[in-house]
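What follows is a set of notes on a single structure, which appears directly below.
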Amino acid sequence: MKLLWFSFIPVSKRVGFSFLSALTALVVFGALKLPAQEDRQSEPSTATERRALDPLVAEERAYAERLARSDTQVKKLLGETGIRVISVEPTLIKSESLERVDRTARYVEVVLFRPEGEVGARVTVDLGRKAVAQVQRLTSSQIPMTSDDLAEAFQLALRDAQVQEVLGSDAKSFQVQGAPAEPNPSSPENLVTGLPLRSTDPKDPCAKHRCLELLFRRGADFLSGPSVIADLTAKRVYVKRRKPQ
Amino acid sequence: MKTFRYASLAFWVLVLGLSSGAAMAQTPPPSMPCSGANLVDQKFPTVGPEVTHWRLCWQTVAGNGLLIHWAYFRTAPSAPWRFILWDGRVSEIFVPYHTGSPRYYDVGFNFGLTSIGNADCPPNLGGTVLAGNVCKEVRDRGLSWKADSQVYRGQEVVLWAALAAANYNYVMEWTFRDDGIILGRVGATSHNLPGREMETHVHNPIWRLDVDLNGWPNDSVALGTHTENLPGPTATDTEPIIPLETGLQWSPRAFRSLDVSDRFLVNGRKDKTSYQLIPLPTGGLSQHQEAFTRNDFWVTRYNGAEMSARDLVSYITPPQSVTDTDIVLWYKGSVHHHPRDEDGEMVNGAWHGVALVMWTGFMLKPHNLFDRTPFYP
């Protein structure tokens, strides 16, 4: 019944009605046009589709690592035992132009390191093809240190009498900062962390070796002790008293 | 009564018509290599009809921290999406102390990110915590322009995370403004170095910026330089193309910038479009004994294996052509940290206190991307 009142529009108001009709047509046209536009969009058809840089799930991570370790070229480069996993991250492969990049291809960059001989590899794994796409040899200086290096450095340091003296009776209670987990500043626990360093003095072993300076934290505060540098290549620890500032 | 009905109907038809018309004019969003929380899609202004729009991906990686991928910008709803950045990251943070030792490489350890909560990233101030360690803030950025009684306040979307690098935290911040500008900053904060709490040092973040204006290849880089023709009142600006891979020094008096352009990209007025890398130093930029710190800018040809700033000298040896190709920019900022009493104090053999955030960064500024700013009526 409500629609009937349109029939009784006075002639004097028909101009206004014509205007309304035109606008209505515009709405209908717009509504019809929208689906066609959506078809042209290149967004994924489903919200659940995995994209190239979406974070890896545990299965993808494990599978990529397994493929990398079992690759013939990697085995030749690093051997099969004593290999550390440094990182496993999704990556995007750049092709010759933007238009040709596959936004859904799941590639994973696996960085491996063998401490014995200090050699590493950056392995690009194509999860879709279940194959290794590329292997790049890395030198010692190109391999980031991890909590494994930190744990090794701390074990070396604990053998040093000066370090034991600084840390006191609870030296062994210090926990190694785990990467990528972060320290909790409010935690009362003792924590050991470290910073990679490289000397410019050619006589200093740390000009070439993998060296890490250890820092000790009790709760929120750091101990202001001597400099404790672990040379992971030579398996030695250097403890230096600080010069007065 | 009838007149009121007609007016009411006309109003709603007009609203619907305009909204569907606006939808018709929009260019479809580009397909992205990320989804969910890793995709940032932000229109400006945040309320009302869209003027500009960013669409980009972020990723966190141990060591490098917060990375930006695939930044697209649209200057108007009906304008094409422009590809700006394939990858932006902090490649290294080099920290030499004044006595010559130690000399730290803070990205040389796979440090993780600190956790982030509502105290870092308050929802009532436009913050959203992403994945527990990244903060996205959509916020007012102050004056965009003012002309006597007319004024416009700008907006921006900011992503930041903090690298837990032993005694330090490095805040890695990426800002995408409504006017197309990208800002990158690193802020050093937390605890001074144990045992050397009062020794001056410099934190040098080195960014690797894979700028791909309008995609790739076909990009070139020009060196923007301002010269005062002294003695005399005139000045000259030059922008010679950089032909080969090289390292360059920034000069504050010369307003030096690296200007990236695409061979085919012009705006609606047929003027060549570029993005300019402009340093935003806080106090200055340092150089050290290490060769990779002797330049503030580097321009290299894209190579997926070249990601480490400390190897920059080898990347440009021998130098390859960087014209009409796929280029990468590198920029070194510096935070000169002269410790002060505000940083803390020694309490029972332990350092108690915190160094307030000290920033350094850069700007990537569009030049002739718009025909004119759309934020002026």
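The values are calculated or read from the model by the stated rules, or taken from the named source; none is laboratory data. Just so it is clear, the model here is predicted, and its values are computed rather than measured. A quick note on method: Cβ atoms are made from the backbone with ideal geometry, for glycine too, and the neighbour counts reach across all protein chains shown. For accessibility, only protein heavy atoms count, side chains too; no ligands or nucleic acids. Shrake-Rupley method; radii C 1.70, N 1.55, O 1.52, S 1.80 Å.
No other residue among B:Trp160, B:Trp145 is surrounded by 19 or more Cβ atoms within 10 Å (Cβ to Cβ) and among the aromatic types (Phe, Trp, Tyr) apart from B:Trp160.
Condition check for A:Glu152 on (1) within 30 Å of the chain's Cα centre (by Cα); (2) open to solvent by 40 Å² or more (accessible area, probe 1.4 Å); (3) away from chain B (no Cβ under 14 Å): one failure, at (3).
Taken as a whole, the structure places B:Leu113 among residues that are touching a strand residue (DSSP E or B) at 6+ places or on another chain (Cβ under 6 Å), open to solvent by 10 Å² or more (accessible area, probe 1.4 Å) and either in contact (Cβ under 8 Å) with a residue 12 or more places away in the chain or not aromatic (Phe, Trp, Tyr) (or both). Scanning the range B:172-208 for residues that are open to solvent by 10 Å² or more (accessible area, probe 1.4 Å), in a strand (DSSP E or B) and under 22 Å from B:Lys365 (Cα atoms) gives B:Glu173, B:Arg177, B:Leu183, B:Arg185.
Rundown of residues vs (1) on the phi < 0 side of the Ramachandran plot; (2) assigned to a loop (DSSP other than H, G, I, E, B); (3) open to solvent by 20 Å² or more (accessible area, probe 1.4 Å), yes/no style:
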residue: B:Thr282; (1), (2), (3): yes, yes, yes
residue: B:Gln287; (1), (2), (3): yes, yes, yes
residue: B:Phe292; (1), (2), (3): yes, no, no
residue: B:Trp298; (1), (2), (3): yes, no, no
residue: B:Pro318; (1), (2), (3): yes, yes, yes
residue: B:Trp330; (1), (2), (3): yes, no, no
residue: B:Glu342; (1), (2), (3): yes, no, yes
residue: B:Leu364; (1), (2), (3): yes, no, no
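Among the residues of the range B:141-168, just one is in a loop (DSSP other than H, G, I, E, B) and among the hydroxyl-bearing types (Ser, Thr, Tyr), namely B:Ser149. Going by the conditions given, is B:Gly100 within 10 Å of another protein chain (Cβ to nearest Cβ) and in a loop (DSSP other than H, G, I, E, B)? Yes: the conditions hold for B:Gly100.
Taking the criterion of being in contact with a Phe, Trp or Tyr (Cβ under 8 Å, 6 or more places away or on another chain) and surrounded by fewer than 15 Cβ atoms within 10 Å (Cβ to Cβ), the only residue of the range B:25-49 that qualifies is B:Asp41. If you go through the range A:207-226 and keep only what is more than 18 Å from A:Gly168 (Cβ to Cβ) and touching a strand residue (DSSP E or B) at 6+ places or on another chain (Cβ under 6 Å), you end up with A:His209, A:Cys211, A:Leu212, A:Glu213. Cβ-Cβ distances below 8 Å connect the following pairs, each with a first residue in the range B:296-316 that is facing chain A (nearest Cβ under 10 Å) and closer than 21 Å to B:Ser334 by Cβ, a second residue that is charged (D, E, K, R) and outside any strand (DSSP E or B), and a separation of six or more residues or different chains: B:Arg310/B:Glu290. Within the range A:78-101, the residues that satisfy the criterion of being within 11 Å of chain B (Cβ to nearest Cβ), part of a loop (DSSP other than H, G, I, E, B) and over 21 Å from the mean Cα position of the chain (by Cα) are A:Ser95, A:Glu96, A:Ser97, A:Val101.
Is it true that some residue in the range A:149-162 is touching a Pro at 6+ places or on another chain (Cβ under 7 Å) and assigned to a strand (DSSP E or B)? The answer is no, given that none of the residues of the range A:149-162 is touching a Pro at 6+ places or on another chain (Cβ under 7 Å) and assigned to a strand (DSSP E or B). Contact map, the range A:65-77: first residue farther than 12 Å from A:Val125 by Cβ, second residue open to solvent by 50 Å² or more (accessible area, probe 1.4 Å) and modelled with pLDDT of 95 or more, Cβ cut-off under 7 Å, separation 6 or more or different chains; pairs are A:Leu77/A:Arg137.
Considering the range A:135-148, and only residues there that are assigned to a strand (DSSP E or B) and facing chain B (nearest Cβ under 9 Å), the residue that is surrounded by the fewest Cβ atoms within 10 Å (Cβ to Cβ) turns out to be A:Gln136.
Filtering the range A:207-230 down to residues that are modelled with pLDDT under 90 and closer than 13 Å to B:Tyr168 by Cα, which residue is nearest to the other protein chains (Cβ to nearest Cβ)? It comes out as A:Asp221.
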